[in-house]
Amino acid sequence: MDNSASRSNPTSTPVIEVEGLAKEYRVHDKPEGLAASVRSLFHRTSRVVEALRGVDLQVGRGEFVALLGPNGAGKTTFLKLLSGIITPSRGTARVLGHVPWVRENEFRRRFALVMGQRNQLWWDLPAAESFRLHREIYRIEPSRFTRVRDELVDLLGVRQLVLQPVRELSLGERMKLELVAALLHEPEVLFLDEPTIGLDVVAQHTIHAFLRHVQAERRVTVMLTTHYMKDVAALCERVVVITHGDILYDGSLADIVDRFTTHKIVTLDLDEVPSPARVARYGFPCEVRGPRVVLRVDRGRIAEVLPDILRDAGVRDVSVEDVPLEEIVAELFRSTRPRPVGEPAGASP
Amino acid sequence: MSGRSVTLEPDRHVAPPRLLEGLRVWCTMLAICLEERLVYRGDFLLGTAMRFLPIVTQIFLWTAVFSATSRADIAGYTRDDVVAYYLLTMLTRAFSSMPGLAGGIARSIRDGSIKKFLVQPVDFIGFLLAARVAHKLVYYAVAIVPFAAVFLLCRGYFPPPPDAPTVLVFLASLVLAFLLGFFMEATLGMLGFWVLEVSSIVFGYMLVQYLLSGHMFPIDMLAGIPTGMPGVSVADLVQWLPFGYTAYFPAAVWLGKIEGQELFRALAVEVGWVVVMALACRAAWHRGTRRYGAFGG
């Protein structure tokens, strides 16, 4: 991405600084069955769940960071802590120099959080009314407000929707208007919790292009959680993987592919349906569908295998790809391996 | 505030615009809440009509009580007084009752929609107040017609109207009744930070409220009931509690049941309760949001 050169050094001007941040919840176990339910009226058993276990992280101005992790890994808890919705059990965090959970108004005017669909917009009123309220509570100067609102609305192509009651809009339309509402006061930091969940491909693309534009133009620091690798590939240079409340990986997207894949996917289109032995000499056949074969080839062997394939008269077409990001990340989630050696937490490569 | 508030000059300079700005934000919130309420005007029409039903039962009940006794008055209330009293408490409760307030707060805590107010630079209690004022204004705009009709029809039950100062005190007591009702219910709603469901607490509160506010019967009828303490009746105790100020007090002021020194003492007690409940509400909000886990997304 072209703005990586202009990115400031995160260690000199961190916008987000997190040290040893931990959040524990006390949950009550309710055993199954009526008798047990009655017993639990008198004697409740509870246990402590560690949603976040002493996380360290630094994010520089203008960075676009993806928080990845399986459900329940602590991503949303992390965003809630950074936006001051909840208070941590241990540790410290500073966002734009403020402790988020103190909730000073000076801090709250400088960031935005988009979490879920029914967030900031008034359900029964047109979005324009919610925007007007934001103008007041964020003390946005009127001419600036009009300029920013028009720009955002046009970027997302939702100008004709702002006068329609929000409840009549589709999921994607609502999400776009939520984003407009969140960016009206030109926040320096933007937290997004699964911004593209449930949206169709076109809406996802629009939102990607929009976020890229906003981030590049205004050098907004963005942190988003998502389950869609398309979001990550389209937007984020830096990926932080959280599992079981711990940071498992912190680095660039390219590095994930590099570090955690051992092979590439080679697809061959052949003249005829091949015998297993014919293709096995190139690599491990994972899928044979008619004359099309999908092979896993060790990355180290690609250079020697490819010439052979190209010389093979029976091969009509060949493509070489990285293992899909989804697979790599799924593998990463499953693994319980510790943070890669030599990769201190919080250091962006 | 930190660096600049060393001298007093900048502070004095800063304070008024802040207040004005706060007021402007609040007025915008009020305007938007009004618009939102107007979406549900049909529901309001129906709700208003329903409000008049219980009073009819009360009037029938008391008519039966009076026809069964040879006394002209019960605890100082004639039959006409009782009808006038109930109509006035109905008016008072149009100010002090807060349908759905506590439950709504608890629900937004439970489903997580309250987090918007933690993230945005806006005061939740101020917002709730704006929403409730809007709610009431729309209600009055609709209800003024049936209210006027009923009071006109029943004007024969009322004593001659009180003097101007009493009318002023009456109006003040209505506004205070609104604030008191608001802060009591909002505080109950804040309990949602500690317990999952506040509806049974609210039900208990409503029950006590019904008994002790004068909604069920005039509180001074309790004057004959001893508490065990020499010279202190139940009515004497109840007048120190907040409930009576949400129904009985304004009605009693209009009917001239409380006068002079007593009136000012009662007004002071009411103002005191409004302050106490406003502080309690804010304290509950502060403590609650600190322990808030933001469950439910």
Matching entry among A:Arg167, A:Arg174, A:Arg144 (being touching a helix residue (DSSP H, G or I) at 6+ places or on another chain (Cβ under 7 Å), in a helix (DSSP H, G or I) and at pLDDT 90 or above): A:Arg174
Matching option when the condition is within 10 Å of chain B (Cβ to nearest Cβ), more than 22 Å from B:Ser108 (Cα to Cα), surrounded by fewer than 23 Cβ atoms within 10 Å (Cβ to Cβ) and modelled with pLDDT of 90 or more, among A:Arg61, A:Arg53, A:Arg139: A:Arg139
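Residue by residue, here is whether (1) part of a loop (DSSP other than H, G, I, E, B); (2) hydrophobic (A, V, I, L, M, F, W, C) holds:
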{"site": "B:Gly214", "(1), (2)": "yes, no"}
{"site": "B:Leu222", "(1), (2)": "no, yes"}
{"site": "B:Gln261", "(1), (2)": "no, no"}
{"site": "B:Phe264", "(1), (2)": "no, yes"}
Considering residues of the stretch B:91-144 that are among the basic types (Lys, Arg) and within 12 Å of chain A (Cβ to nearest Cβ) only, the residue surrounded by the most Cβ atoms within 10 Å (Cβ to Cβ): B:Lys115
In the stretch A:198-221, residue farthest from A:Glu178 (Cα to Cα) [restricted to those that are part of a helix (DSSP H, G or I) and in contact with a Ser or Thr (Cβ under 9 Å, 6 or more places away or on another chain)]: A:Gln215
Neighbours by Cβ (under 9 Å, 6+ apart or cross-chain): first from the stretch A:138-162, among the small types (Gly, Ala, Ser); second surrounded by 15 or more Cβ atoms within 10 Å (Cβ to Cβ): A:Gly157/A:Lys176; A:Gly157/A:Thr206
Qualifying residue in the stretch B:64-83 (condition: closer than 26 Å to B:Pro218 by Cβ, modelled with pLDDT of 75 or more, in contact with a Cys (Cβ under 9 Å, 6 or more places away or on another chain) and surrounded by 18 or more Cβ atoms within 10 Å (Cβ to Cβ)): yes
Inter-residue pairs, beta-carbon under 9 Å, first part of a helix (DSSP H, G or I) and in the stretch B:146-159, second among the basic types (Lys, Arg), 6+ apart: B:Pro146/B:Arg51; B:Tyr157/B:Arg79
Matching residues, the stretch A:154-190, being under 22 Å from A:Arg61 (Cα atoms) and of a type in the set (Asp, Glu): A:Glu186, A:Glu188
Conditions (1) outside any helix (DSSP H, G or I); (2) within 14 Å of chain B (Cβ to nearest Cβ); (3) among the basic types (Lys, Arg): number failed by A:Lys80: (1)
Residue tally, condition free of Cβ contacts under 8 Å to residues at least 24 places away in the same chain and touching a strand residue (DSSP E or B) at 6+ places or on another chain (Cβ under 9 Å), over the stretch B:223-265: 6
Residue check for B:Met190: within 18 Å of B:Phe243 (Cα to Cα), touching a residue at least 12 places away in the same chain (Cβ under 8 Å) and in a helix (DSSP H, G or I): no
Hey, A:Leu133 buried (at least 20 other Cβ atoms within 10 Å of the Cβ) and touching a residue at least 12 places away in the same chain (Cβ under 8 Å) or not: no
Elements of type strands (runs of 3 or more DSSP E) contained in the stretch A:232-311, each with 3 or more residues being more than 30 Å from A:Leu52 (Cα to Cα): A:263-270, A:284-289, A:292-298
Residue in the stretch A:235-253 that is among the hydroxyl-bearing types (Ser, Thr, Tyr) and over 30 Å from A:Val318 (Cβ atoms) present: yes
Failed item, numbered, when B:Gly288 is tested on (1) in contact (Cβ under 8 Å) with a residue 24 or more places away in the chain; (2) more than 14 Å from chain A (Cβ to nearest Cβ); (3) surrounded by fewer than 20 Cβ atoms within 10 Å (Cβ to Cβ): (2)
Pair list, Cβ < 8 Å and 6+ apart or interchain, from the stretch A:182-208 residues that are outside the structural domain of A:Leu169 (by TED's automatic domain parsing) to residues that are surrounded by 22 or more Cβ atoms within 10 Å (Cβ to Cβ) and in a helix (DSSP H, G or I): none
Selection count, the stretch A:83-126, where residues are at the interface with another protein chain (Cβ under 9 Å from one of its Cβ atoms), of a type in the set (D, E, K, R) and under 23 Å from the mean Cα position of the chain (by Cα): 2
Of all residues making up the stretch A:103-131, the number that are among the hydrophobic types (A, V, I, L, M, F, W, C) and over 23 Å from A:Val214 (Cα atoms): 3
Verdict on B:Phe66 being more than 14 Å from chain A (Cβ to nearest Cβ), of a type in the set (Phe, Trp, Tyr) and assigned to a helix (DSSP H, G or I): yes
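The values are calculated or read from the model by the stated rules, or taken from the named source; none is laboratory data. Predicted, not measured: the structure shown is a model, and the values here were computed from it. Please note: Cβ atoms are built from the backbone with ideal geometry, for glycine as well, and neighbour counts cover all protein chains shown.
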